[in-house]
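Below: one structure, written as structure tokens.
Read-outs throughout are calculated quantities, based only on the coordinates presented, and are distinct from any laboratory measurement. Values in this document were obtained by computation on a predicted structure and should not be read as measured data. Using ideal geometry, Cβ is built from the backbone for each residue, glycine included, and neighbour counts are taken over all protein chains shown.
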Amino acid sequence: MIKKYKRFKKDPSLLKTELTTLQYQVTQKAGTEPPFQNAFWDHKEEGIYVDIVSGEPLFASIHKFDSGTGWPGFYQPIDEQFIQLQRDVQLFRPRTEARSRYGDSHLGHVFEDGPAPTGLRYCINSAALKFIKRADLHPLGYGEFDRLFADAES
């Protein structure tokens, strides 16, 4: 059973001390980090990616693919309950913004040019994520997600 998370928005002054300047700019100001110059664009280790602000589980390495864009690409989240999608009209054409549901962090954008089975590409900023290795899932309280990798092995 997935842990229950409560909606919360941390105080911005507190977040400024807890996050790096880039993490704050991305998650709180809807910024974007440079492509090919971020922690997870070519990361291949087994585990899950959680919101750097709230810790809510967002994506699993088994759903990650090389999108060729220089940012981490996923074709689906671990559970859609942790993602909220919003229309973004900040650039010249409308896009779909992906935010963490409970931490309300800007994560990136979703596009309809991804691989099967969903056809979606969640283009996510590494600065919005913290990686939890598969071996650390149980000790860090994310043990329920180990099943994702067991399912993939069978």
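Which value, in debye to the nearest 20, describes the size of the charge dipole of region 27-130 about its Cα centre when Lys and Arg Cβ atoms bear +1, Asp and Glu Cβ atoms bear -1, and nothing else is charged?
260 debye
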Among PHE145, SER126, THR20, the residue whose Cα sits farthest towards the positive end of the charge dipole of the chain, when +1 is placed on the Cβ of each Lys and Arg and -1 on the Cβ of each Asp and Glu, is THR20
Quickly estimate the mean residue ellipticity at 222 nm for the chain, helices only: each DSSP H run with n ≥ 4 gives -39500 (n - 2.57), and the total goes over all residues, rounded to 500.
-4000 deg cm²/dmol
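Based on the Cβ-Cβ distance from GLN37 to ALA152, what FRET efficiency comes out when R0 is 25 Å, to the nearest 0.05? Mind showing how you got there, number by number?
Working: r = 29 Å, r/R0 = 1.17.
The calculated FRET efficiency here is 0.30.
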Measuring from centroid to centroid over Cα atoms, what is the spacing of region 19-66 and region 97-151 in Å?
8 Å
Distance (nanometres) between label positions extended 7 Å along Cα→Cβ at THR69 and GLU46
2.7 nm
Along the positive direction of the dipole of the chain (beta-carbon charges: Lys, Arg +1; Asp, Glu -1; about the Cα centre), which of GLN81, PHE59, PRO115 reaches farthest?
GLN81
Could I have the simple spin-label model distance between THR17 and PHE111, label points 7 Å from Cα toward Cβ, reported in nm to one decimal?
4.0 nm
